[in-house]
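K.L.:
I have a structure I would like to understand better, so I am pasting it below and will then ask my questions one at a time.
The values are calculated or read from the model by the stated rules, or taken from the named source; none is laboratory data. Note that the coordinates shown come from a computational prediction; the quantities given were computed from them, not determined experimentally. Positions of Cβ are generated from backbone atoms using ideal geometry, with glycine treated the same way; all protein chains shown enter the neighbour counts.
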Amino acid sequence: MPAQILLLGQAGPERDRLEEILRLLGVPLRAVTGLAGPLPEAELVVVGGTDLEAVVSGCARVRAEAPEPGLLACLLSPPVWEGGQATRHVLAAGADDLLLGLPPEGVVLGRVLTCTRLARLRQKERRAAALQRALRQIVERVGSCTASPSLAGMSDGVPMLEGPDPRAALRLFSEVLGMAVRAVGWDHGALVRGGEDESLLLVATSVDGERGLVPLRAAEHPALMHALRAGERASLSGAVERGRLATTALLPQDGVLLGLPLRGGAVGADQGSSFLLLLHSAAAGARLDAEGEAFLCTAAQVTFLALRGQGVIESLRDQTRRIHLGHHPAERRQEALAQYREFFESSADGMIVVDNRGHVQYLSRIAEQITGYAAAGLVGRSLLELVPETQRAGLLDAIQQVLQHVTLHAFDLQLTSTSGERLILSVSTSSVLAEHGCALLSFRDVTEQRILEHELRKTKDFLERLIDAVVDGIIAADMRGNILLFNRGAARLTGYQPEEVIGRLPVWRLYPEGEAHDIMAQLRSPEHGGVGRLQQSRRTLIGKGGIRVPVSLTAAIVYDQGQEVATVGVVSDLRERLHIEERLHQTEERLALSEKQALIAELAGAAAHELNQPLTSVMGYAGLLRRKLAQTGPELVELADILVREAERMAEIVRKIGHITRYETKAYVGQARILDLDRSAEAPPAVSAGKEGR
């Protein structure tokens, strides 16, 4: 039976009947009439409908989005087709089978089971092909490793391969582990070796290629020991053991953790030892089927056969035996400490020797002076008790890595002295005593230095925040033009972000061509504020996208022992100031024009008033003269008429002068302009107030 069924197609009596039949199977069924988003997950998809084209398009869409599920097409009202054309169309669209019409229930259910079997066979074939490809990749990867570096021997229990990287074997194990577990659908993996003496060794983990050859305490991992002894799968659910594995093998504590014993001739041929593969998956329902288990065992055989010829497997067995036999007896450890005691006591640094649990085995005289603890009172105690809880896990991990001959960088460790003072120690490590199960920690007191560094860092952060808080832009560059400082004010001005210009954009690119050279010349000249200083001057910055920004610039040269080392400039944005100046200039022009217009209007009113009276007399006498001359002859009358007309014309001019309200001019002789009486006496347009006429 299919795990779940998806029914697609338009609603109708036939499809409703098909849905009733499918529900007889008793498996989850989801019926969808219209589907806009992705297809829901299903093992079998049934596309039903009365229209052939709709059924064909539905099958094509299912196959395009989900090639895995079984696909059964049902043409519920089939047309009359000759030669089985409907079947050919539907099968060509990807369907596994086709029902023409709605046959009896048994036929429908039989076709459903057939399509489900086909889907499962198809899925099985694809998975087998995928596992074969993954196995081929593993073979090629292992082959490429075995063809180049060869085993040169053992160094402190670690397989040494010829070439620049002595831990290539660990990285190979880690890489192959990752390839294998991902091929079967799991997330992470780790390989654990158990010896005939019930010793445990974490060989490698897929999470970190440098993490491996870490001894495990058998008493702390009962589930691993049971799986190795019984040779059967083990689901690791104990929180304590999972937590230890999470710390050692770097496997997450949540999800599913499965222990799988690796079987097979190649693996089992390692006399007296066995291997356990740890599989981790974040999915709560993760499972490993028989095909996946067989693939993992085969992959393990291929890897072990390839590495056996180089002696890597033998070296792992020796490593496990050495760990179990506990060949770090107290007397050998004390002999080694006595051998190095003179060197430890002559060192200017403090020396502490700890075992794999962090218990102090030796404390030098300088270490006693720095910490305040006497050797007699501290030897045998755990060093972890003297450090903050937040650093204990990291310190223990560092000790474990030193025991595995991992070179660590110096690190800071906080330690509480006998007086309760919190010391900061700069710790370096050495694996010179690793074969005796001890790690050497050399340290010096850097408390005052770290406090000073903290204060300097706070001051630096404060200055950076202060510089960024300045509204003006601050730009500093070295003498080669490399920008060293670019605050947020400069970013607002130019549109560049600091990361776009610091160390990337030469400073002269922020100025028009030649202007940066001119600025440097003025900085070195005594005429612009003194040598090394530039008084405020008007400049232009080139912003992002070629935007030109007017700025006010003050600059200076930074000297170090008389040598020029950098330049710094402070720029203020002038765009708003220039805009205000332009608006002020326009306002001043409008005010001057208004004053001129007021003066013209007052002058015109006065002139009109003064001219009206004599002009009225002239017009009166001219009219009287015309009437008296009418009796003398037409020539004199005509002259009198001319006097009257010109007087009336003058009166009209005076009237216009009396109505002047604004200042409008017109062209006159040459380049001169005179007052335009007609336009100046008109009512001013609403939109032209304050503008000077042309």
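K.L.:
Exactly one condition in (1) surrounded by 13 or more Cβ atoms within 10 Å (Cβ to Cβ); (2) free of Cβ contacts under 8 Å to residues at least 12 places away in the same chain is false for ASP560; which is it?
P.N.:
(1)
K.L.:
Any residue at all in region 387-410 that is outside any helix (DSSP H, G or I), farther than 23 Å from ALA336 by Cβ and free of Cβ contacts under 8 Å to residues at least 24 places away in the same chain?
P.N.:
The answer is yes; a qualifying residue exists.
K.L.:
Residue by residue through region 35-71, note down the ones that are in contact (Cβ under 8 Å) with a residue 60 or more places away in the chain and among the hydrophobic types (A, V, I, L, M, F, W, C).
P.N.:
LEU44, VAL46
K.L.:
Looking at region 472-488, which of the residues that are without any contact (Cβ under 8 Å) to a residue 40 or more places away in the chain and hydrophobic (A, V, I, L, M, F, W, C) is farthest from LEU523 (Cα to Cα)?
P.N.:
The residue in question is PHE486.
K.L.:
Quick one: in region 503-512, of everything that is part of a loop (DSSP other than H, G, I, E, B) and modelled with pLDDT of 90 or more, which residue is farthest from VAL571 (Cα to Cα)?
P.N.:
PRO512
K.L.:
Continuing with this model, one more query. Taking VAL427 as meeting all but one of (1) outside any strand (DSSP E or B); (2) of a type outside the set (Gly, Ala, Ser); (3) under 30 Å from ARG211 (Cβ atoms), write down the number of the exception.
P.N.:
(1)
K.L.:
Looking at (1) modelled with pLDDT under 75; (2) not in a strand (DSSP E or B), which one does MET160 not meet, given that it meets all the others?
P.N.:
In the conditions (1) modelled with pLDDT under 75; (2) not in a strand (DSSP E or B), MET160 misses (2) alone.
K.L.:
Here's a follow-up. Out of all the residues in region 520-529, is one or more in a loop (DSSP other than H, G, I, E, B), in contact (Cβ under 8 Å) with a residue 40 or more places away in the chain and farther than 19 Å from ASP478 by Cα?
P.N.:
No, that holds for no residue.
K.L.:
Can ALA491 be described as of a type in the set (Gly, Ala, Ser) and more than 25 Å from the chain's Cα centre (by Cα)?
P.N.:
no
K.L.:
Out of ARG333, ARG392, ARG357, which single residue is modelled with pLDDT under 85 and closer than 30 Å to LEU170 by Cβ?
P.N.:
ARG333 is the lone residue from the list that is modelled with pLDDT under 85 and closer than 30 Å to LEU170 by Cβ.
K.L.:
Keeping to region 351-407, report how many residues are among the polar types (S, T, N, Q) and surrounded by fewer than 16 Cβ atoms within 10 Å (Cβ to Cβ).
P.N.:
3
K.L.:
Considering (1) loosely packed, with under 11 Cβ neighbours inside 10 Å; (2) in contact (Cβ under 8 Å) with a residue 12 or more places away in the chain, say which one ALA555 fails and leave the rest.
P.N.:
Here ALA555 clears every test but (1).
K.L.:
So which of GLY529, GLY481, GLY503 is of a type outside the set (A, V, I, L, M) and closer than 30 Å to GLU582 by Cα?
P.N.:
GLY529
K.L.:
Also, I was wondering about something else. Hey, can you tell me all the residues within region 220-265 that are among the basic types (Lys, Arg), surrounded by 14 or more Cβ atoms within 10 Å (Cβ to Cβ) and closer than 16 Å to LEU200 by Cβ?
P.N.:
Listed by number, the residues that qualify are ARG242, ARG244.
K.L.:
Of all strands (runs of 3 or more DSSP E) completely enclosed by region 164-237, which ones contain at least 1 residues that are at pLDDT below 85 and of a type in the set (D, E, K, R)?
P.N.:
Fully inside region 164-237 and qualifying: 188-194, 208-216.
K.L.:
Suppose the filter is surrounded by 13 or more Cβ atoms within 10 Å (Cβ to Cβ), hydrophobic (A, V, I, L, M, F, W, C), assigned to a helix (DSSP H, G or I) and modelled with pLDDT of 75 or more; does LEU615 pass it?
P.N.:
Here the answer is yes, as LEU615 does meet what is asked.
K.L.:
As an exercise: evaluate SER537 against (1) out of contact with any His (no Cβ under 8 Å at 6 or more places or on another chain); (2) assigned by TED's automatic domain parsing to the domain that holds VAL565 and give the number of the one condition it does not meet.
P.N.:
It fails just one condition, (1).
K.L.:
Any idea which of VAL427, VAL471 is closer than 16 Å to ALA398 by Cα, within 36 Å of the chain's Cα centre (by Cα) and aliphatic (A, V, I, L, M)?
P.N.:
Result of the check over VAL427, VAL471: VAL427.
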